[in-house]
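Down below is the structure, laid out as structure tokens.
The values are calculated or read from the model by the stated rules, or taken from the named source; none is laboratory data. Bear in mind the structure is a predicted one, so any value in this text is a computation, not a measurement. For neighbour counting, all protein chains shown are included, and Cβ atoms are generated from backbone atoms with ideal geometry for every residue, glycine included. Surface areas here come from the heavy atoms of the whole protein model, side chains and all, with no ligands, DNA or RNA. Shrake-Rupley method; radii C 1.70, N 1.55, O 1.52, S 1.80 Å.
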Amino acid sequence: TPMWLPPLRLLWPGARPSAEELHAFARGASDHAKRCSYPGSVDSLPEERLWFVNRADRRIGRGRRDYERASEALGSLECLELTWLAHCTHADSLAICSRQFGCVWLMNANRIISRENDRSNSGRRRSITWATTQRHVLCGEERVSVVWDAATDDVRFQVLSFSRPRHLYSWAAYPYVLAQQ
């Protein structure tokens, strides 16, 4: 297959891609929702040297009320509503558009591969996992979770991902990508 380059939008500072553009990209990406080929998953991380693994774990609150609020935000992908990021879903496709260098917006497509909402005696956990597609500059997978630990009453936001560039252009920009993550 030919090398895919992501769509770029040049917009005035402060402007964002339109909802129509994001929906069109998400719909188009759902036709190309084949996952990028890579070993493992976030449950069994690749051990090869060229994969970057990102782990983050932050306490964001305490108690059931904070957990429910954070869990709802994760379920609706409100956690992706940032000033430098826009997103849209269509079926199992997740289109992500990130602002680069102030006025350039870069579109990439992921496929949502699981949504979990678990309860146990030790607490609760809600997570969403997505994998990059052939319409993404990287190859990899990411799981975002909200966890309520019943023993400590802490509510935690966790990210676990692994990735690597898919082609020469993304290798050149990879240090910048890692700094953004």
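Angle, helix 168-180 long axis vs. longest principal axis of the chain, Cα atoms, 0 to 90°, nearest 10?
Value to nearest ten degrees: 40.
How large is ³J(HN,Hα), in whole Hz, for each residue of region 57-64 in order, when computed from phi with the Karplus curve 6.51 cos²θ - 1.76 cosθ + 1.60 and θ = phi - 60°, using x for Gly and Pro?
In residue order, the calculated couplings are 8, 10, 6, 10, x, 9, x, 4 Hz.
Quick one: if the Förster radius is 22 Å, what FRET efficiency do Phe52 and Leu5 give, using the C-beta to C-beta distance and rounding to 0.05?
0.55
Give me the net charge of Asn117's neighbourhood, meaning all other residues with Cβ under 9 Å from the Cβ of Asn117; Lys, Arg count +1, Asp, Glu -1.
Surrounding charge for Asn117 is +3.
Return one whole number: the accessible area per residue of region 50-90 in Å², for a 1.4 Å probe.
Values: 2660 Å² over 41 residues.
Using a 1.4 Å probe on heavy atoms only, each residue of region 50-90 averages 65 Å².
Per 10 Å bin, what is the whole-percent P(r) computed from every C-alpha pair distance within region 22-181?
10, 37, 36, 15, 2
Carbon and sulfur: what percent of the chain's accessible surface (1.4 Å probe)?
Of all accessible area on the chain, carbon and sulfur atoms account for 51 percent.
What ³J(HN,Hα) values, in whole Hz, does the Karplus curve 6.51 cos²θ - 1.76 cosθ + 1.60 give for region 137-149 when θ = phi - 60°, with x put for Gly and Pro?
6, 10, 10, x, 8, 9, 10, 10, 9, 10, 10, 10, 8
How much net charge surrounds Ala151 when only the other residues with a Cβ under 15 Å from the Cβ of Ala151 are counted, with Lys and Arg +1 and Asp and Glu -1?
It works out to a net charge of +4.
Say a site is exposed when it is one of the trypsin sites (Lys or Arg not before Pro), sits in a DSSP loop, and has at most 16 other Cβ atoms within 10 Å; what is then the longest site-free stretch of the chain?
Maximal segment without exposed cleavage sites: 50-181.
Can you give the FRET efficiency for Trp171 and Ser18, using 1/(1 + (r/R0)^6), R0 = 30 Å, r = Cβ-Cβ distance, to the nearest 0.05?
With R0 = 30 Å, the Cβ-Cβ based efficiency is 0.45.
If you plug each phi of region 80-95 into the Karplus form 6.51 cos²θ - 1.76 cosθ + 1.60 with θ = phi - 60°, what whole-Hz ³J(HN,Hα) values come out, in order, with x for Gly and Pro?
9, 8, 10, 5, 9, 9, 10, 8, 7, 10, 8, 6, 9, 8, 10, 8
Using only Cα atoms, tell me the angle between helix 19-30 and the longest principal axis of the chain; keep it within 0 to 90° and round to the nearest 10.
On a 0 to 90 degree scale, this one is about 90.
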